Structure formats: structure tokens, C-alpha cells
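So the structure is just underneath, and the comments pick up after that.
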Amino acid sequence: MQLTAGLIASSVLTGHAPRLLAKSRVEQALDEKSFHASRRFLKTSFGRIAYVERGSGEAALFLHGFPLNSFQWRGALDRLSPYRRCIAADFLGLGYTEVAEGQSVTPDAQVAMLITLLDSLGIASVDLVGSDSGGAVAQLFVTRHPERVRSLLLTNCDTEHESPPAAMLPVIALSHEGKFVDQWLAPWLADKQLARSPQGIGGMCFANPADPTDEAIDCYFKPLVSSPRRKALVHAYAMALEHNPLQDIGPALRRCKVPTRIVWGVDDTIFSLAGAEYLDKTLGNSLGVRKVANAKLFYPEERPDVIAEEAKKLWAVV
């Protein structure tokens, strides 16, 4: 024990403590059970916002995709919590957030909710990470509240000219009919092999045919099928994306001076690579695009090392 304490003390003096902490933190990876156990709730006018927090110091905020929740970021949180106070919240209408009666779940409402969350937690600014529709919310957030964002990391997501993407149109149509959850999510939850098939979320959004895992499917879809109200909120979330929430955002993106890195899975069939190129040439302080081979829409769940590597470069940490 004395030797261990001496090594840790020495590492602090030489600036290597984060590496030791990073190693130990990865070995204690978040699984479904520990993720549920670590979930917190913040009571707001929007409802009780579910979020998971790991680490300390300057904050990083992770925005998940549809129809997922903050569990998407478990691997990234494991790897990045030695360097940041990592916070992953569940959007209004998704995950375990309990939405107030009559509360909107539009992208605009998501931005307002996140500002309230940060204010309540005493957080002035964040490193922002967004995926899928969470990337759309991230673009709205950074253009409306640039003073609250130190850096922006975007993975495959909506862009001004691809919001919503064509693949989302059947989901929106079924949501208008009140059928999406029962026709897509409920069967995937009941038959996890179907969920991982080419016709399921696995084949559509994951590169590894073993993904998503059984625990991920349970974590994502159980709350969404749990009641008629929860189903209606999922449908409302999807329908809110129908009329492009990023329409005419281009000039604001050009004015944005927040350092931004774009990390794009090139095998995505939902969002085209043209979206990454658009963001790179439009954002006022783009640091370029990294193209990730053998990666689809939800690669951040499968490849958290890529997210951690790019985030640490963007955050200028060792």
C-alpha cells in the first residue's frame, strides 16, 4: 500500500495521474445494472430529468440519438471521466426522463431543458458531444448559447440539408398514426435477434452483427413501451423532427467560433457523408473531419475509443 501511494503521489507530481485514473476507470466499466444504479433525477419545470454523471472538474455534456438514451455513451464516459465531469442526460420523450404534463419535446425544448439542467448543476460551460438527433440539438445549442460551449464534437447527425434524413420518414409517418412504437420498438424488445437483424436497429445502425446487446435493447426500449403516454411521447419526439429544426442554421454555424471536430462513420446508411463535408465547410471553426471505416450511425456505442481519442485531442488533454 505504501508503494502504491508513493507511485500515485509521484504520478501527480509528474502529471501522469490522469493516465492511472483512466486505466482504473476503464476496468470498472458501466454495465446496465451499474448504469441504472448511478442514474440521478433533477426536478425541473420540464419534468424529472434523468442523467448519469461521472468524473469531476470541467464538464462535458453528451447528447444521445433516437430512440436511444444516455446509455449510448457508457463507454465514452468510462474513458473520459478521468478528464472531465461527464454528464449524459436523457432527452425529453426518451430514456428515463419523466416529462411534465403538456411539455413539448421539440429540439427547441431540448435545448431549453439542457440549459436548465446545467444551471441547476452550477455548470457555466461544457464540452459538447452529439450524435444523431442529439447532434441536431447540439447545433441549436452551440449557435444559441455559444458562451456555454468550449468545444463541439459531432458524430453522424442531422444537418441543415438532411434533417430529417429520408430513412426517418417512415418512422415519422408511423408516429403520426401512433403505431411506430408498437410496430418497431416492441417487436425488437421482444425478439432481440430480430432487433439485431438487417431489418432491425442493429442492421440499420450498427456495424457489428452482435450489437446492440441484449442489455442495451432492454435499457433503450423498455421505458418507451411501458405505457400509452410513454409511447405518445416517443411519437411526439419523432414528429417534432418532421419540419427541419435546422432550417436556415447555416449563417449561425458560419459565425460560430467554437472549435469543432467532426467524426463520421462512413458506412452509415441514415446520414450521408455529404453531411460531414457540409459541417466542415460551414462551421466557422471546424478542425476537420475524421472518417471512421466500418462504422454506422451508432458507432460511438461500439467504438468508444474513437470518441475518447478525438475528445481528448479536442480538449487538449494527455
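Computed values, structure above
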item	result
Subset tally (residues that are within 16 Å of F180 (Cα to Cα) and in a loop (DSSP other than H, G, I, E, B)) for segment 195-230	5
Residue within segment 51-67 that is of a type in the set (K, R) and in contact with a Phe, Trp or Tyr (Cβ under 9 Å, 6 or more places away or on another chain) present	no
Count of residues meeting criterion [part of a loop (DSSP other than H, G, I, E, B) and either among the hydroxyl-bearing types (S, T, Y) or under 15 Å from S151 (Cα atoms) (or both)] in segment 255-272	6
Residues of segment 95-113 satisfying the condition of being closer than 20 Å to Y220 by Cα and assigned to a helix (DSSP H, G or I)	P107, Q110
Condition met for I87 (in contact with a Phe, Trp or Tyr (Cβ under 9 Å, 6 or more places away or on another chain) and assigned to a helix (DSSP H, G or I))	no
Lone unmet requirement of (1) closer than 28 Å to A295 by Cβ; (2) assigned to a strand (DSSP E or B) for Q72	(2)
Matching option when the condition is within 28 Å of E98 (Cβ to Cβ), assigned to a loop (DSSP other than H, G, I, E, B), at pLDDT 95 or above and assigned by TED's automatic domain parsing to the domain that holds A308, among L246, L233	L246
Matching residues, segment 159-218, being surrounded by fewer than 13 Cβ atoms within 10 Å (Cβ to Cβ) and in contact with a Phe, Trp or Tyr (Cβ under 8 Å, 6 or more places away or on another chain)	none
Output for segment 273-286, where each listed residue is among the aliphatic types (A, V, I, L, M), part of a helix (DSSP H, G or I) and either out of contact with any His (no Cβ under 9 Å at 6 or more places or on another chain) or buried (at least 22 other Cβ atoms within 10 Å of the Cβ) (or both)	L273, A276, L279
Pair list, Cβ under 7 Å, 6 or more apart: segment 50-65 residue in the same structural domain as P304 (by TED's automatic domain parsing) and surrounded by fewer than 24 Cβ atoms within 10 Å (Cβ to Cβ), other residue among the hydroxyl-bearing types (S, T, Y) and assigned to a loop (DSSP other than H, G, I, E, B)	A50/Y96; A50/T97; R54/S81; G55/S81
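The values are calculated or read from the model by the stated rules, or taken from the named source; none is laboratory data. In this text the structure is predicted, and so the values were computed from the model without any measurement. Positions of Cβ are backbone-derived with ideal geometry, glycine not excepted, and every protein chain shown enters the neighbour counts.
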